[in-house]
Amino acid sequence: MFAGFGKRATLAAMPELPEVEVLVRHLDPLLRGRRVKAVEVRRPRVLGPTSPSALSSRLPGARFERVERRAKYLIFHLRKGNRTRTGASEPSTFRLIGHLGMTGRMFVQPVKAPLPKHAAVVVRLDRGVFVYEDTRYFGRLTLDESSLAKLGPEPLNGEFTVEGFAAALKRSAQAVKVRLLDQSLVAGVGNIYASEALYRAGVSPRKAARRLRQDEVARLHGAVIAVLREAVEFGSTMPLDWSGQAGRDGLFYYGSAPDTAGYEERLRVYDRAGQPCGCCGTMIRRIAQAARSTFYCPRCQRS
DNA sequence: CACCATGTTCCTTG
DNA sequence: CCAAGGAACATGGT
C-alpha cells in the first residue's frame, strides 16, 4: 500500500493542526443535526474541570450544529431548547471543547459496534454513537474553554503575520524550535511540523529566536504555513474509515500521497535520523530540545 | 526491565 | 513579575 513505511508505521497517532483539521472536516457532516440521547463518561479525567454530572445535565437533548477547529482544538457547537415555566421554548447554545492530546481519536461508530478499550466518553446519538477514545487520556472533551484564551494566531487564516511573528521571536533567547512549540506564538504547530518547517526554511533549530535575521523570519513564517497547508491537503486525500482512521495505520501524515508518482515520502526530516538529507545527502541528525526530539540537516540548516 | 514517544499544565528556579 | 527548564500525566511499544 505505502512504500517505505518501515518502522514509522508503528508510531502512535500524533495530532497536530492538520490532523485535527482533517478530523473536523470528517466529523462535521456526520454530527451536524444529530441529537444527543445520552452520555457516558468512562474516564472523568478527560473532562478536565467539568464534572460528569455537569456534562450529563447539559448534553442530552442537545443537537450538534457544526464542528470547527481552533489550533489543535475541536469546537463542537450545540443547541438545546430550554423549556421555561410558561412552556415557551428558549433555545440556548453552548460549546464542547475537544483536544486529542497525543493519542486521542474521535469518531462516529455504528450503534452495534463494540466500544474501543480506551473509550473515554461515549455520546449516544439519534443515529450512531460519537466516541472519544484515548489510550493515554491526555486529551480533553470539556465544557471548559479557558485553554482557548491562551492561543496565539491561527496560521492558516491570515491572523499569523510576519510582523507579529518577528516581534514575538525577538523577545526570546530560547532556541527557535522550542519557541515554535509555544501555542501563544503560533497556534497549532507541534513537534513534527516544527522540525519540518525549520528544514523547509533552512533555519537551524538551535538558533536563538532573537538572532533570526529578517529574511529567516520571513522564510520560516512562510514555511510554517506551507507545511501545515500541504499536510491538510495531503490528509484530505486520504479516505477515512468508519472509525476515522486513514490508511493501514490511521496515520495519514506518514507514508505517501496515493496519487504521487514514485511514492515520495512527505515528511523530510522528522524521524529520519541517520538517513541522507533529500537535498544534500548529509545525514539527518536528531537532538533533544526541551525534552523533545528535533530532526534537522546540519548542512542545509546551518544558520 | 528500562526507556522512549506525543501535548499541555503545573511547579520550581533564576 | 517573567522567562526558562523540567516534571507529571498514562499507556504501550521496543
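The values are calculated or read from the model by the stated rules, or taken from the named source; none is laboratory data. Just so it is clear, the structure is predicted and the values come from calculations on it, not from any experiment. Quick reminder, even Gly has a Cβ in these numbers, built from the backbone with ideal geometry, and neighbours come from all protein chains shown.
Quick notes on this structure:
- The sole residue among A:Val178, A:Val203, A:Val217 that is closer than 18 Å to A:Lys72 by Cβ and either modelled with pLDDT of 95 or more or β-branched (Val, Ile, Thr) (or both) is A:Val178.
- Here A:Gly274 fulfils each of the conditions (1) at pLDDT 90 or above; (2) away from DNA strand C (no atom under 16 Å from the Cβ); (3) part of a loop (DSSP other than H, G, I, E, B) apart from (2).
- Among (1) within 13 Å of DNA strand C (Cβ to nearest atom); (2) at positive phi - the single one A:Leu169 does not satisfy: (2)
- Residues located in segment A:153-166, provided they are over 18 Å from A:Leu198 (Cβ atoms) and within 16 Å of DNA strand C (Cβ to nearest atom): A:Gly164
- Look at (1) part of a strand (DSSP E or B); (2) more than 16 Å from DNA strand C (Cβ to nearest atom); (3) closer than 29 Å to A:Val186 by Cβ and you find that A:Tyr132 fails only one, number (2).
- Restricting segment A:135-151 to residues that are outside any loop (DSSP other than H, G, I, E, B) and within 11 Å of A:Arg43 (Cα to Cα), the residue that is nearest to DNA strand C (Cβ to nearest atom): A:Arg140
- Residues being small (Gly, Ala, Ser) and assigned to a helix (DSSP H, G or I) - total across segment A:184-223: 8
- Test: residue in segment A:78-92 that is in contact (Cβ under 8 Å) with a residue 24 or more places away in the chain, surrounded by 13 or more Cβ atoms within 10 Å (Cβ to Cβ) and either not assigned by TED's automatic domain parsing to the domain that holds A:Gly188 or not hydroxyl-bearing (Ser, Thr, Tyr) (or both): yes
- Residues being away from DNA strand B (no atom under 13 Å from the Cβ) and either of a type in the set (Gly, Ala, Ser) or surrounded by 18 or more Cβ atoms within 10 Å (Cβ to Cβ) (or both) - total across segment A:125-140: 7
- Pairing each residue of segment A:140-162 that is without any contact (Cβ under 8 Å) to a residue 60 or more places away in the chain with any residue that is among the aromatic types (Phe, Trp, Tyr) and surrounded by fewer than 12 Cβ atoms within 10 Å (Cβ to Cβ), provided the two are 6+ apart or on different chains, yields no C-beta distance under 8 Å.
- Candidates are the residues of segment A:106-142 that are touching a Pro at 6+ places or on another chain (Cβ under 8 Å) and not aliphatic (A, V, I, L, M); the one that is farthest from A:Pro49 (Cα to Cα) is A:Gly128.
- Reported count of residues in segment A:34-63, each being touching a Phe, Trp or Tyr at 6+ places or on another chain (Cβ under 7 Å) and without any contact (Cβ under 8 Å) to a residue 40 or more places away in the chain, is 0.
- Residue match in segment A:157-167 (condition: within 14 Å of DNA strand B (Cβ to nearest atom) and surrounded by fewer than 18 Cβ atoms within 10 Å (Cβ to Cβ)): no
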